[in-house]
Amino acid sequence: MNETYGNDLQILCFPCNQFGRQEPWAEPEIVAWAHKKFGITEGSGINFMQKADVNGSNTQPAWSFFKQFDNSDVSWNFAASFVLNKNGEVVGRYSRFSDIEAKIEEELNKPMESKL
């Protein structure tokens, strides 16, 4: 999808160690692991963010914003993907088992709405 949409598509990866201690490493080690395991390389629209809590009293502010979409916690690593439109509004939440590519393409093909 990045080849098609370039900078219009940005993927934010938030490492989290709240689920079975699956990501105990520092961010550089997590980036290296993701590259080795999935071939993911930072850049070209893929951005690794600082390790964050996604649930509980220390929930990172971005995750508090994302979860307002359906008011539910994240159940497991990679179990929540959120699609934001060009205006920064959450327009969908998907599990790792769902096909979000169609929703991403739908949002990328919509014109940006003015908030004026």
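The values are calculated or read from the model by the stated rules, or taken from the named source; none is laboratory data. Predicted, not measured: the structure shown is a model, and the values here were computed from it. No Cβ is skipped: glycine too gets one built from the backbone with ideal geometry, and neighbour counts run over all protein chains shown.
Side notes on the structure shown:
- Those residues of segment 22-39 which are loosely packed, with under 15 Cβ neighbours inside 10 Å, within 17 Å of the chain's Cα centre (by Cα) and aliphatic (A, V, I, L, M), in sequence order: none
- As a summary of the residue check, Met49 satisfies the conditions (1) of a type in the set (A, V, I, L, M); (2) buried (at least 16 other Cβ atoms within 10 Å of the Cβ); (3) under 13 Å from Cys16 (Cβ atoms) except for the one numbered (2).
- Qualifying residue in segment 5-21 (condition: hydroxyl-bearing (Ser, Thr, Tyr) and surrounded by fewer than 13 Cβ atoms within 10 Å (Cβ to Cβ)): no
- Residue in segment 104-116 that is without any contact (Cβ under 8 Å) to a residue 40 or more places away in the chain, in a loop (DSSP other than H, G, I, E, B), of a type in the set (S, T, N, Q) and under 27 Å from Glu27 (Cα atoms) present: no
- Look at segment 34-63: where a residue is over 22 Å from Leu9 (Cα atoms) and charged (D, E, K, R) and a partner is surrounded by fewer than 16 Cβ atoms within 10 Å (Cβ to Cβ) and at pLDDT 85 or above, sitting 6+ places away or on another chain with Cβ atoms under 9 Å, you get Asp53/Asn17.
- Out of Asn85, Asn71, sole residue that is loosely packed, with under 13 Cβ neighbours inside 10 Å and not β-branched (Val, Ile, Thr): Asn71
- If you check Asn47, Asn77, Asn55 for being in a strand (DSSP E or B) and not hydroxyl-bearing (Ser, Thr, Tyr), only one passes: Asn47.
- Neighbours by Cβ (under 6 Å, 6+ apart or cross-chain): first from segment 9-26, more than 14 Å from Trp76 (Cβ to Cβ); second polar (S, T, N, Q) and loosely packed, with under 15 Cβ neighbours inside 10 Å: Leu9/Asn2; Leu12/Asn47
- Sub-8 Å Cβ pairs linking a first residue in segment 76-87 that is in contact (Cβ under 8 Å) with a residue 24 or more places away in the chain to a second residue that is part of a loop (DSSP other than H, G, I, E, B) and aliphatic (A, V, I, L, M), at least 6 apart or interchain, are Ala80/Val54; Ala80/Val74; Val83/Ile100; Lys86/Met112; Asn87/Met112, ordered by first then second residue.
- Taken over segment 99-115, residues that are in contact with a Leu (Cβ under 9 Å, 6 or more places away or on another chain) and modelled with pLDDT under 80 amount to 0.
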